[in-house]
Amino acid sequence: MNREALIAAVKEQMPERRWLHTLGVMETSVMLAERFGGDAEKADLAAILHDYCKYWPVQEQAKIIRENGLPQDLLDYDKELWHSHAGAFIAHSQFGIDDEEVLDAIRYHTSGRENMTLLDKIVCLADYMEPGRDFPGVDNIRELAKTSLEQALIAGFDSTISFLLAKGKRIYPLTVLTRNDLLQQLQ
Ligand code: DGI
Ligand code: FE
Ligand code: FE
Ligand code: FE
């Protein structure tokens with residue numbers, strides 16, 4: 001499937017405002033790839049697909065995780081964590097994307113993981129700071145992103161973890177491991 005057809009397929013899966021978010025992540029991923037020496041074409045592709053399953057019924061997302069050997073522990077945590085793994089699965093099975101770097105960037109764009117690749121970092125950070133994002137601290141993340149992917153990502157995960165704590169929600173352990181690992185990378 002060519003890029004235009006892929007974009008049309010993605011657009012159909014989501015409301016207008018989420019499509020505008022996706023456009024913002026595409027633009028920001030490419031900018032970050034250029035800034036930090038990443039692969040702009042892979043960043044663009046991962047960004048296009050990253051939220052493909054975001055508006056699918058949660059039962060469908062759960063079914064993909066249950067029936068295809070994806071990490072079952074996801075099902076014990078917030079449903080917001082499911083669309084990234086389901087999205088990577090669909091990117092491979094439905095759209096034939098075989099590039100593991102692209103699939104991983106989609107798969108880990110919400111939680112991150114230890115030893116994130118450059119592409120993982122670019123897509124995850126673009127998701128936090130695309131122009132349409134407006135949450136307390138987002139301008140600080142954009143400022144940090146001028147010089148350090150890691151510092152900007154840590155600020156992003158700090159904000160997510162604070163948000164989850166304030167809501168009394170559980171934190172997916174991988175999110176904490178990701179933050180610890182990024183801090184260690186700065187030492
Ligand atoms: O899909 P997006 O809204 O663009 O962004 P995302 O894929 O980063 O999802 C973010 C949401 O996931 C945010 O509302 C917080 C929620 N979430 C719930 N539990 C966790 C979590 N995010 C992380 N990183 N870790 C969690 O444990
Ligand atoms: Fe997402
Ligand atoms: Fe294959
Ligand atoms: Fe997103």
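The values are calculated or read from the model by the stated rules, or taken from the named source; none is laboratory data. Owing to the predicted nature of the structure, the values given are computational and were not obtained by experimental measurement. Every residue, glycine as well, gets a Cβ built from its backbone with ideal geometry; the counts of neighbours run over all protein chains shown. For the accessible areas, the whole protein counts, side chains as well, though only heavy atoms, and no ligand, DNA or RNA atoms are used. Shrake-Rupley method; radii C 1.70, N 1.55, O 1.52, S 1.80 Å.
Brief remarks follow.
- Of everything in the stretch 114-135 that is of a type in the set (V, I, T) and more than 11 Å from ligand 2 (Cβ to nearest atom), the residue that is surrounded by the most Cβ atoms within 10 Å (Cβ to Cβ) is I122.
- As a summary of the residue check, L70 satisfies the conditions (1) assigned to a loop (DSSP other than H, G, I, E, B); (2) open to solvent by 60 Å² or more (accessible area, probe 1.4 Å); (3) farther than 24 Å from R133 by Cα except for the one numbered (2).
- The residues listed here are T160, T117, T147, T110; of these, the one that is of a type in the set (S, T, Y) and under 21 Å from L20 (Cα atoms) is T110.
- Considering the stretch 78-113, the residues that are farther than 23 Å from G168 by Cα and loosely packed, with under 14 Cβ neighbours inside 10 Å include one that is nearest to ligand 4 (Cβ to nearest atom), namely Q94.
- Pairs meeting the criteria (first residue in the stretch 122-141 and within 11 Å of L153 (Cα to Cα), second residue more than 10 Å from ligand 1 (Cβ to nearest atom) and among the polar types (S, T, N, Q), beta carbons under 6 Å, at least 6 apart or on different chains) are I122/S29; V123/S29; A126/T28; A126/S29.
- Take the conditions (1) more than 12 Å from ligand 1 (Cβ to nearest atom); (2) surrounded by 12 or more Cβ atoms within 10 Å (Cβ to Cβ); (3) in contact (Cβ under 8 Å) with a residue 40 or more places away in the chain; L75 misses just one of them, which is (3).
- Matching residues in the stretch 1-58 - criterion: being surrounded by fewer than 22 Cβ atoms within 10 Å (Cβ to Cβ) and aromatic (F, W, Y): W19, F36, Y55, W56
- Hey, E101 touching a Gly at 6+ places or on another chain (Cβ under 9 Å) and acidic (D, E) or not: no
- Residue within the stretch 115-131 that is within 20 Å of G37 (Cα to Cα) and in contact with a Cys (Cβ under 9 Å, 6 or more places away or on another chain) present: yes
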